[in-house]
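Notes for the one structure printed next.
Bear in mind that the values in this text are calculations on the coordinates, not laboratory data. Predicted, not measured: the structure shown is a model, and the values here were computed from it. Note: ideal-geometry Cβ built from the backbone for every residue, glycine included; neighbour counts use all protein chains shown.
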Amino acid sequence: MKSKEDSWERFLQVMEDALGKPTFETCLKFSILKKINNGKAVIQVSSAFAKERLETKYVGIMKDTLQKIYDSPGLDLALEVDENLLPTRPDLPEQMEFYKQEQDDIPENSLDPRYTLESFVVGNSNQFATGAALAVSRSPGKVYNPLLIFGGVGLGKTHLMQAIGNNVLARKKKARVVYLSTERFINEMIDAMAKKKIEKFRKKYRTVDVLLVDDIQFLVNKEFTQEEFFHTFNELYGANKQIVMTCDRLPRELFIDKRLSSRFEWGLTADIQEPDLETREAILRKKAEQKGISLPNSVIHYIAERVPSNVRELEGALLRVLAFGTFRRQPVNTELAQEALKGIIPEGREQIPTVEKIIEKVASYFDIKTEEIMSDRRDRRFAYPRQIAMFLSREITNLSYPDLAKKFRRDHTTVLHAYEKISTNLHDISVRNSVDNIRSALKVS
Ligand code: ADP
Ligand code: MG
């Protein structure tokens with residue numbers, strides 16, 4: 001029987017291959033398996049940064065590999081931070097300094113050095129946004145301010161935004177570039193208020209040259225933060241400092257303070273669409289190349305075909321295939337890829353979602369309650385999502401208007417009207433983007 005230590009070593013080995021050396025060394029190298037029982041594994045990692053990065057990108061593959069190695073299907077995984085893990089490695093004095101230093105630097109800009117323009121594959125779906133990103137990083141604060149990049153989940157918004165930051169720094173080492181997620185902005189603000197350090201907080205964000213704020217859709221329903229963000233925005237804008245934001249939709253589709261959403265669209269808005277097959281293949285080639293692996297075209301083509309839209313999932317599928325190869329000690333070919341992806345990405349048609357499911361997804365997308373969609377409230381905040389829900393229900397389920405009317409508890413002419421209204425507005429990129437995002441959340445195309 002294999003010992004526990006052997007299995008853990010094996011796990012680390014597979015992960016090193018799957019994640020690539022740099023990520024592995026910063027995120028997983030010093031980790032320990034705290035326990036594995038009752039269907040759950042707990043891994044301790046050395047920093048909050050490592051935890052965040054593993055959680056956003058690699059939990060799937062980690063879980064998968066643990067399940068195989070420990071022969072425990074369905075095994076769940078939790079990550080914990082233990083910052084003592086680094087200094088307790090006396091065998092690595094030099095690296096230790098390096099890692100500690102890297103961690104201390106993170107709050108300053110937390111840019112991922114791998115997210116560059118060079119590593120970003122340009123295709124029809126993102127050409128415009130990439131051009132805008134390049135222009136902005138060449139003359140921050142001067143050409144398009146603010147720059148807003150919008151598009152669905154996993155299409156490269158964060159990558160492109162961070163590439164702007166990295167590019168600005170490459171040109172001007174001393175530039176103050178700050179990248180942060182909207183969630184982090186909110187948390188820091190709350191924390192600063194609790195500690196009565198709001199002045200310090202304000203100063204921190206109001207003295208930067210380039211402020212990169214990721215996923216501003218999280219400002220919805222956070223009036224307090226919107227207010228603070230509004231002031232930060234105005235000050236930076238007034239001082240000609242560059243602001244770049246990403247959002248999963250156009251701000252006008254976000255139900256936030258109008259003063260704020262209109263400002264977000266003052267500069268340039270650039271969309272990122274789903275990549276076509278050719279671009280997906282190019283992305284896979286690039287990712288494999290970055291790991292120093294060359295894959296047969298047939299395998300690239302197979303993976304690209306199987307994962308039609310989300311680039312993050314595309315990357316996940318690639319990792320899975322590579323890990324599978326390492327685990328089996330077999331060369332990667334289409335047969336192996338097929339087996340690695342079996343059951344992960346459904347072949348053939350998915351089940352058609354029900355009207356209830358559609359309503360639920362629409363409500364969650366617009367951050368309102370399903371009852372509010374079902375209610376008679378007429379403000380745009382509810383009426384618009386309701387129309388989208390009716391439109392999508394008709395498109396996806398193909399139920400008749402009278403049947404839909406029953407589901408929505410209204411007149412069938414109301415549903416008909418909603419359907420026609422949204423159909424005629426689909427040429428509007430903001431409407432189209434929201435409809436596409438919800439479709440992709442429902443996993444229908
Ligand atoms: P989003 O922020 O839109 O949800 P991300 O920027 O996090 O998406 O992208 C998800 C993953 O896909 C990242 O690892 C990113 O490097 C990769 N990716 C997305 N688009 C591209 C592209 N055009 N070229 C290379 N990698 C890409
Ligand atoms: Mg993102």
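What to note about this one:
- In this structure, the residue pairs whose Cα-Cα separation is over 21 Å, taken from LYS4/LYS40; LYS142/LYS222; LYS34/LYS63; LYS357/LYS443; LYS29/LYS342; LYS172/LYS291, are LYS142/LYS222; LYS29/LYS342; LYS172/LYS291.
- Calculated SAXS-style log₁₀ I(q)/I(0) at q = 0.13 Å⁻¹ - the stretch 105-272, Debye, Cα scatterers: -0.57
- Modelled FRET efficiency - R0 30 Å, LYS63 with ILE190, Cβ distances, 0.05 increments: 0.45
- One equal scatterer on each Cα of the stretch 176-265, no solvent, Debye formula: the resulting log10 I(q)/I(0) at q = 0.17, 0.23, 0.24 Å⁻¹ is -0.67, -1.27, -1.38.
- With at most 12 neighbouring Cβ atoms within 10 Å, loop GluC sites (Glu not before Pro) (DSSP) excluded, longest segment of the chain: 119-346
- Sparsely packed trypsin sites (Lys or Arg not before Pro) within the stretch 292-368, loop by DSSP, other Cβ within 10 Å at most 16: ARG329, LYS342, ARG349
- Under 14 Å from the ASP276 label point (7 Å along Cα→beta-carbon), backbone N, the stretch 118-132: 122-128
- The trypsin sites (Lys or Arg not before Pro) of the stretch 132-165 meeting both criteria, a DSSP state outside H, G, I, E and B (loop) and at most 11 other C-beta atoms within 10 angstrom of the site's C-beta, are LYS142.
- Extending 7 Å from the Cα toward the beta-carbon at both SER119 and GLN330 defines two label points whose distance is 3.0 nm.
- Rounded to 5, the percent of DSSP beta bridges in the chain classed as antiparallel: 15
- Theoretical gain in end-to-end length, GLU395 to ASP71 [0.36 nm per residue, Cα-Cα removed]: 112.3 nm
- R0 of 41 Å, Cβ-Cβ distance ARG285-ASN84: FRET efficiency to nearest 0.05: 0.50
- Of all the options GLN387, GLN290, GLN127, the one that moves most in a Gaussian network model of the chain with Cα springs shorter than 10 angstrom is GLN290.
- FRET efficiency, 1/(1 + (r/R0)^6) with R0 60 Å, evaluated for ILE293 and ASP379 via beta carbons: 0.65
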